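As structure tokens, the structure follows; a few thoughts come after it.
The values are calculated or read from the model by the stated rules, or taken from the named source; none is laboratory data. This structure is a prediction, so every number in the text was calculated from the model and none was measured. Here the Cβ positions follow ideal geometry from the backbone for every residue, glycine too, while neighbour counts run over all protein chains shown.
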Amino acid sequence: MNIKARTLIPAIALTAFVTPIFAHKYEAEVKLYQLPEPVQQTIIANLQGGEAQKIEKEIMNSATTYDVHVKTRDWRTFDMRVDENGRLVLEGQPSPLSY
């Protein structure tokens, strides 16, 4: 095996091992008015009479999603996730009332 091959093979193996470990993830709290129009429309359409308490923008490996924490009028909560195109990715149901 020549010197180039002996150097290149471990370098490729190391890159394949290290790349998933350093996957980029970014999270930030945002306001509804800061979101793209399709994302705003999806969130508003799925509030089920509630109010968005917190919206978190998450970017992971160049894919953007928005996690929305909702509180309904009767104080129940649920979460939903919307992608950057306004598609509902995860829809939660209001938590049952507990006294």
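Below is a table of values for the structure above.
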| item | result |
| --- | --- |
| Residues within region 60-73 that are of a type in the set (Val, Ile, Thr) and over 10 Å from GLU84 (Cα atoms), tallied | 3 |
| Residues of region 36-65 classified as over 18 Å from TYR26 (Cα atoms) and among the small types (Gly, Ala, Ser), total | 4 |
| Cβ-Cβ under 6 Å pairs, at least 6 apart or on other chains, region 52-67 side more than 14 Å from GLN40 (Cα to Cα), far side aliphatic (A, V, I, L, M) | ASN61/ALA23 |
| Answer residue from region 86-99, given it is surrounded by fewer than 16 Cβ atoms within 10 Å (Cβ to Cβ) and among the small types (Gly, Ala, Ser) and is modelled with the lowest pLDDT among those | SER98 |
| Residues located in region 49-68, provided they are in contact with a Lys or Arg (Cβ under 9 Å, 6 or more places away or on another chain) and surrounded by 15 or more Cβ atoms within 10 Å (Cβ to Cβ) | GLY50, ALA52, ILE55, THR64, THR65, TYR66, ASP67, VAL68 |
| Test result for ILE59, in a strand (DSSP E or B) and at pLDDT 95 or above | no |
| Hits in region 73-85 - residues which are closer than 13 Å to GLU51 by Cβ and surrounded by fewer than 16 Cβ atoms within 10 Å (Cβ to Cβ) | ARG73, ASP74, TRP75, THR77 |
